[in-house]
Amino acid sequence: MDKDSLTEEEIEEHQQNKQLTSAELADLFSNYMGSSLFSCMFEHFLQVVQGDEVKDFVESAL
C-alpha cells in the first residue's frame, strides 16, 4: 500500500499511535537545549555588545 492510496483518516490514525524512539527523543531534546542556549547567549550578548554593526548582526540572528 503506497502513501497515495491512504486516506487522510488512516494517516491521522497512524500518526496518533506512533511512538518515538529514544534516539529520536534525544535528538529533539538536544536540539531544544541547543536552541535555548544560543537564544540566551544572544540575548545577553545584545545587552553588552558595543558595536552597532555587530549588534545589527546579532539582532538578525534572533
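Here are a few things to note about the model shown:
- Helices (runs of 4 or more DSSP H) fully within the chain counting 3 or more residues that are modelled with pLDDT under 85 and open to solvent by 100 Å² or more (accessible area, probe 1.4 Å): 8-16
- Among the residues of region 11-39, those that are over 15 Å from the mean Cα position of the chain (by Cα) and not acidic (Asp, Glu) comprise Ile11, His14, Gln15, Gln16, Asn17, Lys18, Gln19, Leu20, Thr21, Ser22, Ala23.
The values are calculated or read from the model by the stated rules, or taken from the named source; none is laboratory data. Since we're looking at a predicted model, the values are computed, not measured. Just the protein is used for accessible areas: all its heavy atoms, side chains included, with ligands, DNA and RNA removed. Shrake-Rupley method; radii C 1.70, N 1.55, O 1.52, S 1.80 Å.
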